[in-house]
Structures are given as C-alpha cells and as structure tokens.
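First comes the structure, then the notes that go with it.
The values are calculated or read from the model by the stated rules, or taken from the named source; none is laboratory data. The structure displayed is predicted, hence computed values, not measured ones. For neighbour counting, all protein chains shown are included, and Cβ atoms are generated from backbone atoms with ideal geometry for every residue, glycine included.
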Amino acid sequence: MPKALIIGQGIAGSVLALQMIEKKWEVMVINDPSLPSSSQHAAGLWNPVSFKRVTALNDIDLYLQTLHAFYSHQEKELDAKFFHPISVARIFPTEDYKILWEKKQETQKMGPLVQTGNGNISPWKAPLGWGQVKGSGWLNVQEFLKSTKNFLQNKKAYQEIFWNENDVQNVNEGIVYQGIEYDFIVCCTGLSSTTKKWEAVRIIPNKGHLVEFENNQLDDQFVYHFGNFCLPLGHHRWRLGSTYEWDNADTNVDEQQVSNLLNNLKEKCPVEVRVTKTYVGHRPTVHDRSSIIGRHPHFSQWAIFNGLGTKGVMNAPYIASLLIENLENNDPIPKEYSVDRFFLTAY
C-alpha cells in the first residue's frame, strides 16, 4: 500500500487525498489553517467553454466525465451536498459574437456544449439573444473542504499544524515525517509559502472581487454570464463576480471594484439587490495558465500539485488522476502540466 504525505487541504490537496484513498493509498494531510487559502474564497463556478473564442479543451469530455463522476461520488461518501450542475446563460454582447456562437454550435466539438437559448430571460437585458452552456455548474467549495476535512479526521488522516521542510528526513527510498516513512510527499500549497525545493515554480496570485446579494426576482435555473457572472446560491441568494487583477496578493476590498461589479449587473439586469457580503479571493496561477503536477527532477519522492487557477474545480479531478498514475506507475505527464517546464533553465 503506497503512502503519501500531502501538504495543504485546499481543492488540490482535498481532491488528491480523496482519490488516493479510493485507490487504497495510505494518506496523511497536513494543513496550517493560519495560512491564506485561495480555495476557501473560491467562487466554485466551472464552465467548460472559453467565452472569448467560444471554444473548449480538445479532451473536454474527459474532464467533464471525471468531474461528474468524482464529485457526485464524493457527495455520497462524505454525506454532504456541494455539487450543483447548472447551465450557464451567456448573454450575447455583440451581433458578431452571436454569429460566432451559432457557427460554433454546428461543429462536432462545440455542438454538445453550446446552443442558442430559447425565449427571453427577463429581467435580464438580452437584445441580441443568449446562448446556453451545457456541462457547467458550481461547487460549494467551502462545504466540500469542510466535509473532506471531517472525513479525513475520522480516518485519523489529518493534522492541523505548522509544517516545515526541515521536519522531513530522507531515508533510503522514502521520506520520514514524525517518525513515519512515506513513499511521496506532495505539496499542494497554492499561494502559501512553499519549500526551497520548489523555488523555481513561481505561483502568481490573480485577485478577484466577489459580491453576495439577495434578490427574489431572478430565476435560479441558470448561472448568468454577461461579462461577469451571477450565480444562484439558493434561497434567493446570489454570488456576483469576478474581477481579475494579476500579480496582486493583497486581501483588501476595493470599493471601486465592487461598485463596478454592481453597476455592470444593474446595466444588464435592472433589479434592486441587497448586498450581504463583499470579499476577495486569489487564484493560484502561473505564467502559462496551466496547472502543475509531477515529481521534482532531483528529488523523486517530492511531488507537486498546484496552479489550478480559474478552472480548479473543473480540472482538479482529472489532473489529480494523472499525478496518481505517475506516482504509481510512472506514467508520463502531459507536457502542458508537467512541473519539468519550470526546471529547464533552473539548474
């Protein structure tokens, strides 16, 4: 039975731990709740379609199949509700965009994902029409993380402590932490401080503002996208987001950014809202916007799972499975995700 020490219990660490346990790994998750957590403030939206060019990953079906299988299964295992498949209603911003959308929905790749919406979506203003995205939804990330933590605690596979790289000793073919030998240590630390071994991997913060409000006029059958998104949380509660500020790690709420979000909403949907919460989140990204998995090129027992960025909820289950196959069977990791790309010139 392989054994892994996982550092961090955000989306990456949680998904990886649950998948490893399903595959009969012995797991210990180390988490320091005093460190900033991107996942705790994540909006949770997943959307298989890139709206700029109305396109998707070439193997998007595989990502979506893995996502649905994983989260729906874990709801049962963890006895919790956090998985919410729901279509996105994309309001067309221009006539050219509408034409592009209609062309893409006739293609073999995009046809299963997008279609032109039927009827109006009042009180939303959509004079050029709207399109529907299938295969989308949102994850209650905070509930998912809490349920995973409880599950791990019940299995005695979770510790809340400050962790230091110097606490790990290399012994023979494994590593030792607190007197226990592990086959691998996997760093899933997001934007939090990482180890010297991963200094070549620069994680870039991408700050985003979010607003939560109440309104009983909006129809909660869709997530609405109008340049920003408006996501139904249930019981007439909504989440509005998000802004994008690259390489900004501060946690301050900028009232101008909040005002911009609310003004954009009012322009497209002239309803009264009661704001209940404003906050910021940070997406852990890298220069090429692809996730990072793999073993350290010089310390094979050390691995990393990071850089999930804006598509963490959607990508994490499939990418975690790639990492596990690499650790178990030495299966190759796709170049776009491999940590090796950060070490080509680092040594």
Checklist entry - Is there any pair with a first residue in the range 12-23 that is farther than 13 Å from F305 by Cα and a second that is assigned to a loop (DSSP other than H, G, I, E, B) and small (G, A, S) whose Cβ atoms are under 9 Å apart and which are 6 or more apart or on different chains, and what are they? => result I21/A157
Item to check | the range 285-316, residues that are more than 13 Å from the chain's Cα centre (by Cα) and assigned to a loop (DSSP other than H, G, I, E, B) | outcome: V286, H287, D288, H296, P297, H298, F299, S300, Q301
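Could you look through the range 4-55, keep only residues that are charged (D, E, K, R) and not assigned by TED's automatic domain parsing to the domain that holds A303, and pick out the one that is modelled with the highest pLDDT?
Of the residues in the range 4-55, the ones charged (D, E, K, R) are 22-24, 26, 32, 52-53.
Applying the additional criterion that residues be not assigned by TED's automatic domain parsing to the domain that holds A303 yields 52-53.
On the way: K52: 92, R53: 95.
It comes out as R53.
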Checklist entry - Looking at the range 72-94, is at least one residue over 25 Å from D219 (Cα atoms), touching a strand residue (DSSP E or B) at 6+ places or on another chain (Cβ under 6 Å) and modelled with pLDDT of 95 or more? => result yes
Item to check | One residue from S259, S242 being modelled with pLDDT under 90, closer than 30 Å to E214 by Cβ and of a type in the set (G, A, S) | outcome: S242
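Condition (residue is part of a loop (DSSP other than H, G, I, E, B), surrounded by 20 or more Cβ atoms within 10 Å (Cβ to Cβ), of a type in the set (G, A, S) and touching a Leu at 6+ places or on another chain (Cβ under 9 Å)) applied to the range 136-143: is it met by at least one residue? So that I can check it myself, show each step before the final result.
So the first thing to find is which residues in the range 136-143 are part of a loop (DSSP other than H, G, I, E, B), and the list is 136, 140.
Now drop any that are not surrounded by 20 or more Cβ atoms within 10 Å (Cβ to Cβ), which leaves 136.
Filter again for of a type in the set (G, A, S), leaving 136.
Pick out the ones that are also touching a Leu at 6+ places or on another chain (Cβ under 9 Å) and you get 136.
Checked the range 136-143: at least one residue is part of a loop (DSSP other than H, G, I, E, B), surrounded by 20 or more Cβ atoms within 10 Å (Cβ to Cβ), of a type in the set (G, A, S) and touching a Leu at 6+ places or on another chain (Cβ under 9 Å).
Across the range 81-113, which residue is surrounded by the fewest Cβ atoms within 10 Å (Cβ to Cβ) among those that are in a loop (DSSP other than H, G, I, E, B) and among the β-branched types (V, I, T)? Don't jump to the end; show me each part of the working.
Within the range 81-113, the subset in a loop (DSSP other than H, G, I, E, B) is 81-82, 86-87, 92-94, 105-113.
Retained after the next criterion (residues that are among the β-branched types (V, I, T)): 86, 94, 107.
Details: I86: 16, T94: 9, T107: 13.
This residue is T94.
Take the conditions polar (S, T, N, Q), more than 15 Å from A43 (Cβ to Cβ) and assigned to a loop (DSSP other than H, G, I, E, B) and apply them to N260. Does it pass? Please lay out each step first, then the result.
On the way: polar (S, T, N, Q): yes; more than 15 Å from A43 (Cβ to Cβ): yes; assigned to a loop (DSSP other than H, G, I, E, B): no.
No.
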Checklist entry - Going by the conditions given, is L128 aliphatic (A, V, I, L, M), touching a helix residue (DSSP H, G or I) at 6+ places or on another chain (Cβ under 7 Å) and in contact (Cβ under 8 Å) with a residue 40 or more places away in the chain? => result no
Item to check | the range 21-65, subset assigned to a loop (DSSP other than H, G, I, E, B) and among the aliphatic types (A, V, I, L, M), residue surrounded by the most Cβ atoms within 10 Å (Cβ to Cβ) | outcome: A42
Checklist outcome for this item: Expected output for the range 69-80 (first residue within 16 Å of G137 (Cα to Cα), partner not in a helix (DSSP H, G or I), Cβ below 7 Å, 6+ apart or cross-chain) is Y71/F83; Y71/L139; S72/F83; E75/K81; E75/F82; E75/F83
